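The values are calculated or read from the model by the stated rules, or taken from the named source; none is laboratory data. None of the values given here were measured: they were computed from a predicted structure. Cβ placement follows ideal geometry from the backbone for every residue including glycine, while neighbour counts extend to all protein chains displayed. All accessible areas refer to the heavy atoms of the entire protein, side chains included, with ligands and DNA or RNA removed. Shrake-Rupley method; radii C 1.70, N 1.55, O 1.52, S 1.80 Å.
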Amino acid sequence: MTFSWAAIWQGLPYLFQGAALTIFISLTAMLLGVILGVLIALLSEVPSRGIRILIRAYVEIFRNTPLLIQIFIVYFGLPQLGLKLSPFFSGLSALTLYTAAYNVEIFRAGLEAVPKGQHEAARSTGLTPLQAAVFVIIPQALRVSFPALGNNLVSLLKNSSLVSTIGMVELMFVANDISFNNFRSFEIYGATAVLYVLLVLALTWTLSTIERRLLLKSGR
Amino acid sequence: MKQAIIQFRGVNKWFGPLHVLNDVDLSVRAGEVLVICGPSGSGKSTLIRCINKLELIQKGEIVVDGMALSDPATDITKLRAEVGMVFQQFNLYPHMNVLQNITLALVKVRKQSREEAERIARDLLVKVGIPEKAAQYPAQLSGGQQQRVAIARALAMQPKIMLFDEPTSALDPEMINEVLDVMVSLAKEGMTMIVVTHEMGFARKVSHRIIFMDEGRIVEEGEPQAFFANPKEERTRTFLSKILVH
């Protein structure tokens, strides 16, 4: 069989539509995953031992199991317990929980990296613990966390392809659909891979722009 | 005789088995400049950090500006607004410029408007000698400049007491004087200052009283003249001979 550019050309409109859905579910999971990660990371600082154990359990379980299994448990397993979610919401939940677990560790490391002297200086001028956290500590923690967080978000974009397995229509699903029909696997999956590269490049470009404009204003 | 603005009564603190503050009794009057010196590990930094409750004590009483630190009714956040602190490592906020470092607490705690806070901050920058650095970030300043910004940041809150924890110990020698000059002028204005330092020239110039600490205890105290000329205790003499040589 020869290489068919026509197959790619014909498939592209559908692949683009799939890519749009990949972008949509990835961005949503990123946003929710960051918010959830920040909340749980802050929550892990409370004195309550019970809460800290629960958080540790959550982080360990979701970081030590394959994302695919998590997706399957949500989509195939939960209905047995009475909770039936659509492919989209199953995929979104699994992606969010997975990414937030990594974010918790990233943010905790970021918080720990802020020198103790910063807490002391902020509190010694009369700032409340909340004000010190919001204006002095968290901004610095975010700057430290940003590279690792960015990596995690790129992983999320690539991992979103796994939700194709439960029938959510996004880029990977569309690629499968086309190639199962025209058998042009190399062309279609090759083109799909190129699309993923472009999506990742767009994401990393966005992240470094954010880093440069918003975060690295320290005169250096 | 002015009222005591800071009082330590029978203060004891342990870090595990280490007895870092041993039956410390101290009384500081408003407007007094007190210098605390002593060898490493003598408890001098711990002592001043107890004043704004950055360190907790296990035994004894500390009263600051009429408020007992151990009293649950004492709002430590409000008290800290009245007690300024300057740290050995400056501890400026690296993600904010000089002006923002100074105005943050003014806006958030004293509830000043941005314009008023900036006006106060700029006046303080003139006072510490670096008005042109307002828009720069801490990383762009020398150590001496950073420490002067730190002093301005503490002064912005118009505290009743200023604590200095070895303010010049992390500075290159040529920058020490620019910081000490600011502290001297502050002392001459009548600010209550407690300074942990090895800079005995500063102590001689403006302090009302010097305290020598060793192993958690106040070993000797006195007016600078008497302290340097005629130290009474053997340990004081040994310490002074070591640090006054160069």
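Only a single criterion out of (1) open to solvent by 30 Å² or more (accessible area, probe 1.4 Å); (2) within 14 Å of chain B (Cβ to nearest Cβ); (3) modelled with pLDDT under 95 is not satisfied by A:Pro147, namely (2).
For B:Leu56, the criteria (1) within 14 Å of another protein chain (Cβ to nearest Cβ); (2) surrounded by 22 or more Cβ atoms within 10 Å (Cβ to Cβ); (3) out of contact with any strand residue (DSSP E or B) (no Cβ under 6 Å at 6 or more places or on another chain); (4) not basic (Lys, Arg) hold in every case but one, which is (2). With respect to the conditions (1) of a type outside the set (A, V, I, L, M); (2) open to solvent by 40 Å² or more (accessible area, probe 1.4 Å); (3) within 28 Å of A:Leu21 (Cα to Cα), A:Ser48 lacks only one, and its number is (3). Restricting region A:106-128 to residues that are more than 8 Å from chain B (Cβ to nearest Cβ) and either without any contact (Cβ under 8 Å) to a residue 24 or more places away in the chain or open to solvent by 50 Å² or more (accessible area, probe 1.4 Å) (or both) leaves a set whose member that is farthest from B:Pro138 (Cα to Cα) is A:Arg108. Here A:Ile23 fulfils each of the conditions (1) in a helix (DSSP H, G or I); (2) without any contact (Cβ under 8 Å) to a residue 60 or more places away in the chain apart from (2). Against the conditions (1) on the phi > 0 side of the Ramachandran plot; (2) in contact (Cβ under 8 Å) with a residue 12 or more places away in the chain; (3) open to solvent by 30 Å² or more (accessible area, probe 1.4 Å), B:Glu166 satisfies every one except (3).
Conditions (1) touching a helix residue (DSSP H, G or I) at 6+ places or on another chain (Cβ under 8 Å); (2) in a helix (DSSP H, G or I); (3) among the aromatic types (Phe, Trp, Tyr); (4) over 14 Å from A:Leu149 (Cβ atoms), marked per residue:
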{"residue": "A:Leu31", "(1), (2), (3), (4)": "no, yes, no, no"}
{"residue": "A:Gly37", "(1), (2), (3), (4)": "yes, yes, no, no"}
{"residue": "A:Arg52", "(1), (2), (3), (4)": "no, yes, no, yes"}
{"residue": "A:Val59", "(1), (2), (3), (4)": "yes, yes, no, yes"}
{"residue": "A:Phe62", "(1), (2), (3), (4)": "yes, yes, yes, yes"}
{"residue": "A:Lys84", "(1), (2), (3), (4)": "yes, no, no, yes"}
{"residue": "A:Tyr98", "(1), (2), (3), (4)": "yes, yes, yes, yes"}
{"residue": "A:Asn103", "(1), (2), (3), (4)": "yes, yes, no, no"}
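The set of residues in region A:129-143 being open to solvent by less than 20 Å² (accessible area, probe 1.4 Å) and small (Gly, Ala, Ser) consists of A:Ala132, A:Ala141.
None of A:Phe3, A:Phe76 is outside any helix (DSSP H, G or I) and closer than 29 Å to A:Tyr189 by Cβ except A:Phe3. Scan region B:138-163 for residues that are under 16 Å from B:Val83 (Cα atoms) and open to solvent by 20 Å² or more (accessible area, probe 1.4 Å) and report the count. Of the residues in that region, 2 qualify.
For region B:103-113, indicate whether the set of residues that are surrounded by fewer than 21 Cβ atoms within 10 Å (Cβ to Cβ) and among the aliphatic types (A, V, I, L, M) is non-empty. Yes; the residues of region B:103-113 include at least one that is surrounded by fewer than 21 Cβ atoms within 10 Å (Cβ to Cβ) and among the aliphatic types (A, V, I, L, M).
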